[in-house]
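Each remark here refers to the structure printed beneath this line.
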Amino acid sequence: MLTTSKEMMRQAYAGGYAVPAVNTQGGTYDIIRAICMAAEEERSPVILAHYVSTGAYSGHDWFYETARWMAEKVSVPVAIHLDHGDSFARCMEMLKIGFTSIMFDGSALPVEENAARTEEVAGVCRAFGVPLEAEIGELARLDDQGRQIGSSNVADPKVVERYLSLCKPDSLAIGIGNAHGFYKGPVDIHVEVLEQCRKFTDIPFVLHGCTGMDKGLVKRAIKSGVAKINFGTQVRCAYIGYLKKGLEEGKDEGHAWRLSSYAASCLKEDIRDIIHLAGSGGKA
């Protein structure tokens, strides 16, 4: 069933678990189906996430309509989320389409400007009853070899406190050395930043860049009040791998739907693992 992310994250924060948010590659039906079917079977709330760049092929409205249709086929709570909205206009576009969860990412901006723009978006979202996620401490990106692209900021708790005195998002992603992409080798993740920030706020936190992150660190972050964990790279790469394997093994039998069914079935088991890591099974 289609809902906003606000109540599911509030319950997750209170219950000491997190809601999985999985990027769907612009509305890829196989991925959306795998996520929703795994959530239904595990009785877990779930968030279907969308990057602007992945909507280039099929369109943002296609993602929304596919996600909404699938959400209505299951009985567990499903939210449709814009990840890393880069402007007020972009966030408003997705809100108009019907997204039930919005993120504005002003983390590359000075703290005062980030807060001002966050609050501008938050004000409109509140009027429509849609929760807003914000970010402070810009995340790096990793290439396929695990090499860092761009900066990775570990947020200063004092700056986070200042930021939250200037704006009121519904949830907050805080940079702790995490990055989007595949981690290769040891990762310097500073969960203690979340623990320090928890001393002055009860806002639910969000953990980005979970692909390949040590499971112990993820669980420690959840204990620090992370109520939403994001997965993207791991899922899209696994999906492509299952398509390749299906073709190699002749699972398609000359039919595209058979190949899709095979890939979605395999991917569903990966989503189960993410749900188990989040601790959200049985919470819907």
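The values are calculated or read from the model by the stated rules, or taken from the named source; none is laboratory data. Nothing here was measured: the structure is a model prediction, and the numbers come from that model. Neighbour counts run over all protein chains shown; Cβ positions are idealised from the backbone, glycine included. We work out accessible area using only protein heavy atoms, side chains counted, and drop any ligands, DNA or RNA first. Shrake-Rupley method; radii C 1.70, N 1.55, O 1.52, S 1.80 Å.
Listed values, structure above:
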{"read-out": "Contacts under 6 angstrom Cβ, first residue in region 18-37 being at pLDDT 95 or above, partner of a type in the set (Lys, Arg) and open to solvent by less than 10 Å² (accessible area, probe 1.4 Å), 6 or more apart", "value": "ALA18/LYS228; VAL19/LYS228; ALA21/LYS228"}
{"read-out": "Qualifying positions in region 217-270 - among the charged types (D, E, K, R), open to solvent by less than 60 Å² (accessible area, probe 1.4 Å) and closer than 24 Å to GLU41 by Cα", "value": "LYS228, LYS268, ASP270"}
{"read-out": "Subset tally (residues that are buried (at least 23 other Cβ atoms within 10 Å of the Cβ) and in a loop (DSSP other than H, G, I, E, B)) for region 29-53", "value": "2"}
